[in-house]
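A.B. asks: I'd like to ask you about the structure that follows.
The values are calculated or read from the model by the stated rules, or taken from the named source; none is laboratory data. A quick note: this is a predicted structure, and the numbers were derived from the prediction, not measured. Note: ideal-geometry Cβ built from the backbone for every residue, glycine included; neighbour counts use all protein chains shown. Ligands, DNA and RNA are excluded from the accessible area calculation, which covers all protein heavy atoms including side chains. Shrake-Rupley method; radii C 1.70, N 1.55, O 1.52, S 1.80 Å.
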Amino acid sequence: MPADAPQCSYCRAQVATVACPACFALAPLSATHCPGCGADLAPRAAATPDGASCPACAKSLAAARIGDLDTRACPACGGLWLDRAVFEQLGASRERQGAVLGALPPLAAPPGGALEPVRYRPCPACGQRMNRVNYAKRSGVVLDVCRDHGLWFDRDELRRVLAFIAGGGLDRAREREIQELKEVRRAAVSFQNHSDAPLDLRPDASGDLWLGAAGLVALVHEVAGFFHRD
């Protein structure tokens, strides 16, 4: 894709964009200048304050740079916090994903002993409890997600997510999701053809619908729907 393209020309997927403050044209998050008028695009300020507490161990997070991404890292437990803007930048570029994967520290030894109990951790930006998301539903990597501010990755989880994508796991998950949707639609049509009662296929408004369809092209697959839901 061209660096200033707000949409994929092949599949028409919309990449993460920001509005130009001068002409209000949409520009990719990775752009430094507006493709419409050429105005400088100032980077968005990080939502997480310096010295915020680690969601896992409550130690202070420290600014860290991995590849070309600005993150918050916990020197005690090795976890990483990605602000929403940083996560969107990562999701908009496969090249950036590869650079980050190569810049991550060496793989840690797997922890021994019993599994830790499930905990809903506080967001380091707002303090609210985060949701737990099995990335792409099939990766086996459970992330802590704050809709408004970002994601928490325990040690090695970002590496596992990027390796899952690089190995084609995200594409396979999408194909499986599309196939499941087709099967649901076929079953709905079959039920409608054999029943006189009207079938209500509208989503259940009371359900947990924040895991919507992906609006970005790579890493953002499932969590982007959570971020961009109004």
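A.B. asks: Output yes when any residue across segment 47-60 is at pLDDT below 80 and of a type in the set (Lys, Arg), and no when none is.
C.D. replies: No: segment 47-60 contains no residue that is at pLDDT below 80 and of a type in the set (Lys, Arg).
A.B. asks: OK, next. Open to solvent by less than 50 Å² (accessible area, probe 1.4 Å) and either farther than 16 Å from ASP148 by Cα or outside any loop (DSSP other than H, G, I, E, B) (or both): which single residue out of ALA76, ALA58, ALA63, ALA85 fits that description?
C.D. replies: ALA85
A.B. asks: So, in segment 148-188, exactly how many residues are under 20 Å from LEU61 (Cβ atoms) and either open to solvent by less than 60 Å² (accessible area, probe 1.4 Å) or modelled with pLDDT under 85 (or both)?
C.D. replies: 12
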